[in-house]
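Undergrad: Got a structure here, written out as structure tokens. Questions coming.
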Amino acid sequence: MDGKIENITEYLIKNNIRPSFQRIKILEYLANNNNHPTADEIFKDVVKEIPMLSKTTVYSTLTLFLEAKILRGLYIEENEIRYDAILFNHGHFKCKKCGKIYDFAVEIDEFKSEGLEKFQIQEKGVYFKGICPKCIENK
């Protein structure tokens, strides 16, 4: 999902996922909000539109999307998974003050990974942590 999805229902069908109303709304939320949300944040926002939505449905839908590779799990902190709808390789910077996660361009394939020649790499990620410019200004 490295751009806008024209038709979420067709996108789900193309990826062998039955397009239930809840799945469509969860993917729509992720496609329209590139804020690297947690499952709880997704639930809190989507439940406003679907009052009968359960956390279990959100978690199982996110797991399904991860398995289908139409969503990436972002493991920038040990105790939480954040979700990223941008599938092309890019890096992430997390501000230690405000907690916001920023995307940035990076040539991941240019990184040297000597010693891994016989390994099968299935996922690549680049994470940085520090203080964002906005928080530096607001000292």
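Undergrad: Does GLY99 satisfy being surrounded by fewer than 12 Cβ atoms within 10 Å (Cβ to Cβ), part of a loop (DSSP other than H, G, I, E, B) and at pLDDT 90 or above? Even if it seems obvious, please write down each step before you answer.
TA: Numbers: surrounded by fewer than 12 Cβ atoms within 10 Å (Cβ to Cβ): yes; part of a loop (DSSP other than H, G, I, E, B): yes; at pLDDT 90 or above: yes.
So GLY99 fits the description; yes.
Undergrad: Another question, if that's okay. Return the total of residues in the range 15-42 being surrounded by fewer than 12 Cβ atoms within 10 Å (Cβ to Cβ) and under 19 Å from GLU67 (Cβ atoms).
TA: 2
Undergrad: Moving on. Pull out all pairs, ordered by first then second residue, where Cβ-Cβ is under 8 Å, the residues are six or more apart or on different chains, the first lies in the range 71-84 and is small (Gly, Ala, Ser), and the second is assigned to a strand (DSSP E or B) and at pLDDT 90 or above.
TA: Short answer, once both residue conditions are applied: GLY73/ILE81; GLY73/ARG82; GLY73/TYR83; GLY73/ASP84.
Rundown of residues vs (1) touching a Pro at 6+ places or on another chain (Cβ under 6 Å); (2) closer than 21 Å to LEU12 by Cβ; (3) surrounded by 17 or more Cβ atoms within 10 Å (Cβ to Cβ); (4) of a type in the set (Gly, Ala, Ser), yes/no style:
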residue: LYS44; (1), (2), (3), (4): no, no, no, no
residue: PHE65; (1), (2), (3), (4): no, yes, yes, no
residue: LEU74; (1), (2), (3), (4): no, no, yes, no
residue: ARG82; (1), (2), (3), (4): no, no, yes, no
residue: LYS94; (1), (2), (3), (4): no, no, yes, no
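Undergrad: Could you check the range 1-35 and list, in sequence order, the residues that are part of a loop (DSSP other than H, G, I, E, B) and at pLDDT 95 or above?
TA: Taking the range 1-35 and keeping what is part of a loop (DSSP other than H, G, I, E, B), we get 1-7, 15-20, 33-35.
ASN15, ASN16, ILE17, ARG18, PRO19, SER20 - these are the residues of the range 1-35 that are part of a loop (DSSP other than H, G, I, E, B) and at pLDDT 95 or above.
The values are calculated or read from the model by the stated rules, or taken from the named source; none is laboratory data. The structure displayed is predicted, hence computed values, not measured ones. All Cβ positions, even for glycine, are placed from backbone atoms using ideal geometry, and neighbour counts span all protein chains on display.
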